[in-house]
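The values are calculated or read from the model by the stated rules, or taken from the named source; none is laboratory data. Because the structure is a prediction, the values reported are computed rather than measured. Cβ coordinates were reconstructed from backbone atoms using ideal geometry, including for glycine residues, and neighbour counts include every protein chain displayed.
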């Protein structure tokens, strides 16, 4: 049911996400995000325009925008799962290595 609903042709999901990002209810203070963040996006995504993503990421201190090919759309991350997981695992390993080097005692 959830998959069928997520692929139903309409703008309701996009509208809900837009409202969630613009409301004050459980607002996330984007300026206070301290971890690195990669946002994967397809320029052809009609549900989330690239300009909206760029505006959002300007507010996140350690954000990186990774663009898929221009012809890919909203489901591009689903089709590029292994690429995304490789980046996440590499970043996690590098960050844990950097933390262990920083916390090791100096001689």
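Is there a residue in the range 95-102 that is at pLDDT 85 or above, surrounded by 10 or more Cβ atoms within 10 Å (Cβ to Cβ) and part of a helix (DSSP H, G or I)? Within the range 95-102, not a single residue is at pLDDT 85 or above, surrounded by 10 or more Cβ atoms within 10 Å (Cβ to Cβ) and part of a helix (DSSP H, G or I). Can you name every residue in the range 33-51 that is free of Cβ contacts under 8 Å to residues at least 12 places away in the same chain and either surrounded by fewer than 13 Cβ atoms within 10 Å (Cβ to Cβ) or within 24 Å of residue 99 (Cα to Cα) (or both)? If the condition is that a residue be free of Cβ contacts under 8 Å to residues at least 12 places away in the same chain and either surrounded by fewer than 13 Cβ atoms within 10 Å (Cβ to Cβ) or within 24 Å of residue 99 (Cα to Cα) (or both), then 51 is the only one that fits. Does any residue of the range 52-67 turn out to be farther than 30 Å from residue 99 by Cα and in a loop (DSSP other than H, G, I, E, B)? No - not one qualifying residue is present in the range 52-67. Which residues, counting only those in the range 71-94, are out of contact with any helix residue (DSSP H, G or I) (no Cβ under 9 Å at 6 or more places or on another chain), surrounded by 10 or more Cβ atoms within 10 Å (Cβ to Cβ) and part of a loop (DSSP other than H, G, I, E, B)? Residues satisfying the conditions are 73, 74, 80. Restricting attention to the range 6-44, the residues that are at pLDDT 80 or above, out of contact with any helix residue (DSSP H, G or I) (no Cβ under 7 Å at 6 or more places or on another chain) and part of a loop (DSSP other than H, G, I, E, B) add up to 5.
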